[in-house]
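As structure tokens, the structure follows; a few thoughts come after it.
The values are calculated or read from the model by the stated rules, or taken from the named source; none is laboratory data. None of these values were measured; they are calculated from a predicted model. Positions of Cβ are generated from backbone atoms using ideal geometry, with glycine treated the same way; all protein chains shown enter the neighbour counts.
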């Protein structure tokens with residue numbers, strides 16, 4: 001991969017619940033990203049428990065055309081249904097190694113009024 005990679009977020013959309021053709025339980029969705037180099041990245045297995053966003057992950061790609069293929073899998077690793085393919089084109093120029101996003105502000109907010117009061121009382125007890 002080149003030095004000017006572009007960060008992307010890949011998110012899949014799930015349809016309504018349906019019976020598995022094999023009768024085996026659903027396990028995960030395998031997602032493979034291939035960028036303009038033509039080299040497929042290792043599969044990412046999504047289960048819906050991803051944080052902060054279920055059914056999503058981030059990766060980096062080279063600028064240019066690529067594809068993402070999502071394949072639903074059962075607990076035995078067998079394909080469920082038909083894989084879904086999405087083409088994409090990234091034309092941005094990724095950040096160089098000498099750039100960063102500087103801190104510009106800090107915000108401090110009490111979680112709740114009662115929590116702030118409890119913290120204040122606790123600090124007053126320390127003498």
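Figures for the structure shown
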{"read-out": "Residues that are assigned to a loop (DSSP other than H, G, I, E, B) and within 17 Å of residue 70 (Cα to Cα), drawn from segment 1-12", "value": "12"}
{"read-out": "Any chance residue 29 is under 18 Å from residue 82 (Cβ atoms) and either in contact (Cβ under 8 Å) with a residue 24 or more places away in the chain or assigned to a loop (DSSP other than H, G, I, E, B) (or both)", "value": "yes"}
{"read-out": "Condition check for residue 96: loosely packed, with under 12 Cβ neighbours inside 10 Å and either touching a strand residue (DSSP E or B) at 6+ places or on another chain (Cβ under 9 Å) or modelled with pLDDT of 90 or more (or both)", "value": "no"}
{"read-out": "Unmet requirement for residue 43, which otherwise passes all of (1) free of Cβ contacts under 8 Å to residues at least 24 places away in the same chain; (2) under 23 Å from residue 75 (Cα atoms); (3) surrounded by fewer than 11 Cβ atoms within 10 Å (Cβ to Cβ)", "value": "(3)"}
{"read-out": "In segment 32-53, the residues that are assigned to a strand (DSSP E or B) and under 13 Å from the mean Cα position of the chain (by Cα)", "value": "32, 33, 44, 45, 46"}
{"read-out": "Scan of segment 56-88 for residues that are closer than 23 Å to residue 23 by Cα and in contact (Cβ under 8 Å) with a residue 40 or more places away in the chain, ordered by number", "value": "70, 71, 72, 73, 74, 75, 76, 77, 78, 80, 81, 84"}
{"read-out": "Subset tally (residues that are at pLDDT 90 or above, in a loop (DSSP other than H, G, I, E, B) and surrounded by 11 or more Cβ atoms within 10 Å (Cβ to Cβ)) for segment 13-26", "value": "2"}
